[in-house]
Every structure is written in C-alpha cells, then in structure tokens.
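Following: one structure in structure tokens, then a few remarks.
FYI, it's all coordinate maths here, none of it is from the lab. Everything quoted here is computed from the prediction, not taken from an experiment. No Cβ is skipped: glycine too gets one built from the backbone with ideal geometry, and neighbour counts run over all protein chains shown.
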Amino acid sequence: MNRKVDVCIVGGGPGGALLANILAENNVSVLLIERTNDFAKAFRGEHLNEEGEQILKQHGLFERIEQLGLLRMETLEYWLDGEKIKTIEPAPAIGHLGIHVPQAHLLQAIIEQAKTYPTFDYFLNTTVKQLVQNEEGQYTAVRALQGNNEIYIEAQLIIGADGRYSTVRKLANLDVTIRNHGYDLLWARIPAPTDWTPSIKMTLVDTMQISLFTQAKGYVQIGWNIEKGSYASLRKQPFSPFVEKLTKAFPQLTHSVNEHIQSWRDFVLLDVFSSISEQWGKDGVVLIGDAVHTMTPTGAYGLNSSLMDAHILAQMLLQNERFDFMSCATERKKQISEIQAMQIEKEQKFQDAFVVLG
Ligand SMILES: Cc1cc2nc3c(=O)[nH]c(=O)nc-3n(C[C@H](O)[C@H](O)[C@H](O)COP(=O)(O)OP(=O)(O)OC[C@H]3O[C@@H](n4cnc5c(N)ncnc54)[C@H](O)[C@@H]3O)c2cc1C
C-alpha cells in the first residue's frame, strides 16, 4: 500500500496523538502510525499538571476526558513509619495537586476528536521499520509493516513521537545522551481502601522513596524506588519481608496489598533514566516527547512535556511558512534541560524533607 500525506507521525502516545489532532484540525493531512492494536495503555505517566491541563483545555479536550473519568488530587502527604507527618493542600486558585487521567481516556478523547477532521487518518498494528531518503539526503518517506504487509508513506515531514526507545531517532542517526539516576521503579496497582481520599502520599523505606498515587475508578498506584539494576537480585530474596515494608509504611493498605500483591510478578519494573538529544531533528525528521527527552518519574513531567512539545510544534508548523525548526527546538530544549535539572535536585533532596520533618 502507498500513501502520501503532509505529515506522518510515528507513535500514537500523548505527544503524537495531540500533534496529529491539532494539525488535522488545521487542514494538514496527517497519518498517525501506532504499532499496538489500540490506544489504551496502562502503567504510563498519567498525572497531569496545570500546564498539561491548560493545553488540553485550550484544544477542547479536557471536558471529554472528564466525562470519561479523571480524578483531582486533594492532598500531598508525607508519611513516616506509618504516620502522616505533613499535608500539603492545593492553592485555592488551582484547586488540585495534579489530576489523574487514565492514558486510555486521554488518548480516546484525542483520537475521537481527530477523527472528526477529514485530513486525519491512522493505522494501528503498524510498525515503522525504515526511513527513506532522497538524493539530497532529505527524509521523504517511511516504510512500515502492518502484519506481513509493507506500507510506504511519503510525507513532507516525519515526526518521531515513538517514545523512549525511538526507532525514528535511531534510523535518522540522531544522538541521545542518557543519564542514570541511580534507581529503578517497581509499579503496582491495587484497589484503594473505601475511605481513601484522592491524594499523593510519599514515604521513605530503607532510605528509598515509595509514592502512592490515587487513581480514577478506585485504585492506588504504587511507585517503589529500588537501587538501579537491583531487581534481578531482589527477586531472589523472599517476597513477604519485602512487601511487609510497604504495609508497615502504609498500614491502611494492608488488606489490599495482601490480596493483590502476592509475588514479584505483581510488580512491573520501570528502567529509570533520563535522556536528551542534542539535535531534535534534521532533514525532514523531527522528534517530540520521550523520543527526544525521556524524563524520570519525579514530578510526573513525562506526559506533560510530550503534550507541550506537540502544542508548541503544531503552532510553529502552522504559523511559519518556512518552518525554522532549529530555533524552536533551542528554546524548548532549554526548558526541558531546566526541568531535568529540577528532577535531579528533587531526587537528591527527597530524603532531606523527611529528616527535617521527622
Ligand atoms: C512503564 C512506564 C511508566 C511510566 N511512568 C511515568 C510516570 O509515572 N510519570 C510520568 O510523568 N511519566 C511516566 N512514564 C513516561 C510517560 O508515559 C511518557 O513520558 C509519555 O507517555 C510520553 O509520551 P510520548 O507520546 O512522547 O511517548 P509514548 O507514550 O511512549 O508513546 C510512544 C508510542 O509510539 C509507539 N511506537 C514505538 N515505536 C514505534 C514504531 N516503530 N512504529 C509505530 N509506533 C511505535 C508506542 O507503541 C507508543 O504508543 C512512564 C513510561 C513507562 C514506559
């Protein structure tokens, strides 16, 4: 199959989907290519900050996501040895400390809206394998596989919105600098106790951070920092003493943890690192979101940064007759570098908060 579009976007995560939606709304012909068979995902960055909230509102998406289900966080709490030691309340003008938005709801709302524009199209179950260059070295097409069928898509611009292990970034030989933050993360999701209020709760166990994020539809997501690369050896240890540290830290969770986290298999490992590329694009290829700057989970910037990239890039593409990508990327790169520096500072200072408060 052959197709020709203005913009081919590889990766239907929040960044790629939002960019496709905004461009299609403005009559740009867009093809969004996603390798999985739907837009529903679990265990992804799902906490929206005010910046992400404003972008979704500006593009008329927030109301629909709210209908599908989201949850505003009412408190940020610090806990030590099973006791709450500090509570932070939201600024009245903002009214929350982050919003939990299931990524499936976010993507459903974006794709639903995009489908109303005639210049939008998408392929699921389709994996981009190759970039094609013309004689001048300009990238002019992608080759993708849909099952056994090869698809050839010609485009004036190719966007790599294909996440932290970006294929487009590798195929275009764009550099990436990876930073190790000294920890990985174990995720688990369990039903919330009935009297659980929408909150983010933090504690320290053996000097490592555990965070609890209340989720829409009655769940708690647990994020447990472990030493970088330690999971293989941790899994050889008995499970019960490990998980008992969690119930000791948050006794209200005992029943739900005992019911739902019964072995190492009930955790999902996230390889934590951050990365940033020096070059955000070249010769007809542009990267956005995790593909060009993977964030650590600290402060939940991953999702929000991808939405912001899509928003900014769309404005640049729509406003400039001759798209000056490099000057746009320079400004955005500065903002991302500042956020990444802030993440490192927060990670380094996390324990101090408990020493002072304890
Ligand atoms: C397990 C996990 C947990 C996370 N937890 C957090 C968190 O707690 N807080 C936070 O802020 N962030 C978190 N993140 C990061 C957050 O999910 C991302 O920052 C955010 O989703 C980035 O959006 P994106 O659109 O740039 O990329 P992604 O959401 O990664 O989307 C990329 C899409 O590209 C598709 N794709 C990849 N390769 C190809 C290909 N060759 N062809 C076609 N499609 C392709 C993928 O299937 C995917 O749908 C987590 C990420 C992971 C993987």
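Miscellaneous remarks
- Cross-link pairs K41/K228; K41/K84; K41/K129 - those with Cα-Cα distance over 28 Å: K41/K84
- According to the Cα-based calculation, Rg over Rh for the range 134-193 is 1.17, with Rh computed by the Kirkwood formula.
- Which of Y231, I261, V205, positive extreme of dipole for the range 182-270 (C-beta unit charges): Y231
- Annotation for the range 236-314: GluC sites (Glu not before Pro) lying in DSSP loop with at most 15 further Cβ atoms inside 10 Å of their Cβ are E278.
- Degrees, to the nearest 10: 302-319 long Cα axis against longest axis of the chain: 20 degrees
- When DSSP beta bridges are restricted to pairs lying wholly in the chain, around 70% turn out antiparallel.
- When the charge dipole of the chain is built from unit charges on Cβ atoms (+1 for Lys and Arg, -1 for Asp and Glu) and taken about the Cα centre, the candidate among Q340, N149, N134 whose Cα reaches farthest toward its positive end is N149.
- Hull-based mean projected area of the chain, where the convex hull spans the alpha carbons, in square nanometres: 18.9 nm²
- Debye-sum result for the range 33-137 in log10 I(q)/I(0), which assumes one identical scatterer on each alpha carbon, at q = 0.13, 0.16 Å⁻¹: -0.67, -0.86
- Entry note, the chain: relative contact order of 23 percent, from Cα contacts under 8 Å with a spacing of 6+ residues.
- Placing one equal scatterer on every Cα of the range 92-222 and applying the Debye formula, the log10 ratio I(q)/I(0) at q = 0.14, 0.18, 0.19, 0.21 Å⁻¹ is -0.97, -1.13, -1.16, -1.25.
- Dipole magnitude of the range 182-270 about its Cα centre (Cβ charges: Lys, Arg +1; Asp, Glu -1), debye to nearest 20: 140 debye
- Mean residue ellipticity at 222 nm, helices only, the chain: -10000 deg cm²/dmol; runs of at least 4 DSSP H residues each add -39,500 (n - 2.57), and the sum is divided by the number of residues.
- Trypsin sites (Lys or Arg not before Pro) within the range 203-243, DSSP loop, no more than 13 other Cβ atoms inside 10 Å: K217, K236
- Using only side-chain charges placed at the Cβ, +1 for Lys and Arg and -1 for Asp and Glu, the dipole size of the chain relative to its Cα centre rounds to 660 debye.
- Using a Gaussian network model of the chain in which every pair of alpha carbons under 10 angstrom is joined by a spring, one finds that among A109, A161, A232 the greatest mean-square fluctuation is at A232.
- Taking all C-alpha pairs of the range 182-270, those more than 24 Å from each other amount to 13 percent.
- Volume of the Cα convex hull of the range 79-159, divided per residue and given in Å³: 258 Å³
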